[in-house]
Amino acid sequence: MPPAQPSSGRIFQNPILEALTKTHIAIPLTIFYGLGIASGHVSVHILGYSVLHTLSFYAVGALFFTLIEYLAHRYLYHMGTAGSARKVRLQYIMHGIHHDHPRDKKRLALPPLLSVVLATLFMGLFRLILGPSGIAFGGGYMTGYATYLMVHYAVHTMNPPKNIFGVLWKHHNLHHYVGDTGAFGVSSPLWDHIFGTMPEDPKARRKVATT
């Protein structure tokens, strides 16, 4: 018999709305890696910036995404909900269902429609603040987002690799299965180290206790 499929839960009773909460991971990866590549092309070949200038803004944009990823996960997706039924519902729609069904492959990324709307707003904001250089910055940001999606999908659907990237599996599993008050970074544990939200590894604690 084939292995049982992971449960997915349900957010909306309306089948159309429910369908809009799901996506195949290939769709957002194609959109946002494509947007990242296109932004680099525009920066160099249309706006006339040097490759070094473009790559510099691209890299800073990707790094900036990891900070936004951390802050959104910590303060938005894990917002306090005490005493507010609306906040409980909102938090469940945004993120709680993922914690209840972490292996649901179709809910490991924002739905494409919402993602494209947010991407448009962010790209416009970067262009407004940084001028034409905001195109390369935004391209790096979108590439960072696509990489986050790829890492998140891999962590929840694949066995951890026996190399340095296995750290990402371990880090995110601490968030899901040890305590969701830490390990908020997904694509990188960098900001957890900086802001002091690295949870204690229970295996390391047990090892110390037995020595």
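The values are calculated or read from the model by the stated rules, or taken from the named source; none is laboratory data. Nothing here was measured: the structure is a model prediction, and the numbers come from that model. Glycine gets a Cβ as well: all are built from the backbone with ideal geometry, and neighbour counts include every protein chain shown.
Being over 25 Å from Gly96 (Cα atoms) and modelled with pLDDT of 95 or more is true for just one of Gly144, Gly124. Which residue is that? Lay out the reasoning, then the answer.
Values: Gly144 fails: over 25 Å from Gly96 (Cα atoms).
Only one candidate passes the filter, namely Gly124.
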Exercise for review: Evaluate the following for Ala119: is it more than 17 Å from the chain's Cα centre (by Cα), within 30 Å of Leu47 (Cα to Cα) and touching a residue at least 12 places away in the same chain (Cβ under 8 Å)?
Suggested key: no
Review point. Given the structure, is Arg89 free of Cβ contacts under 8 Å to residues at least 40 places away in the same chain, charged (D, E, K, R) and under 30 Å from Phe12 (Cα atoms)?
Key: yes
Check your understanding: Within the range 147-155, can one find any residue that is more than 21 Å from Thr23 (Cα to Cα) and surrounded by 14 or more Cβ atoms within 10 Å (Cβ to Cβ)?
Key -> no
Revision key, fill the gap. (1) crowded, with 16+ Cβ neighbours inside 10 Å; (2) without any contact (Cβ under 8 Å) to a residue 12 or more places away in the chain; (3) within 21 Å of Ile27 (Cβ to Cβ) all hold for Lys105 apart from (2)
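Given Val186, Val155, which one is outside any helix (DSSP H, G or I), in contact with a Leu (Cβ under 8 Å, 6 or more places away or on another chain) and farther than 20 Å from Gly80 by Cβ?
Details: Val155 fails: outside any helix (DSSP H, G or I).
Going through Val186, Val155 in turn, just one is outside any helix (DSSP H, G or I), in contact with a Leu (Cβ under 8 Å, 6 or more places away or on another chain) and farther than 20 Å from Gly80 by Cβ: Val186.
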Exercise for review: Kindly indicate the residue of the range 32-67 that is buried (at least 16 other Cβ atoms within 10 Å of the Cβ) and among the small types (Gly, Ala, Ser) and also nearest to Pro189 (Cα to Cα) among those meeting that condition.
Suggested key: Ala62
Check your understanding: Among the residues of the range 172-183 satisfying the criterion of being more than 14 Å from the chain's Cα centre (by Cα) and in a helix (DSSP H, G or I), which is nearest to Gln91 (Cα to Cα)?
Key -> His176
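Table: residues versus (1) in contact (Cβ under 8 Å) with a residue 24 or more places away in the chain; (2) closer than 18 Å to Ile93 by Cβ.
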site	(1), (2)
Leu17	no, yes
Leu20	yes, yes
Tyr33	yes, no
Ile37	yes, no
Ser50	no, no
Thr54	yes, no
Ala59	yes, no
Leu63	yes, no
Tyr77	no, yes
Review point. Has the range 126-141 got any residue that is under 27 Å from Ser8 (Cβ atoms) and assigned to a helix (DSSP H, G or I)?
Key: no
Review point. What residue, among those in the range 68-93 that are in contact with a helix residue (DSSP H, G or I) (Cβ under 6 Å, 6 or more places away or on another chain) and part of a helix (DSSP H, G or I), is surrounded by the fewest Cβ atoms within 10 Å (Cβ to Cβ)?
Key: Tyr77
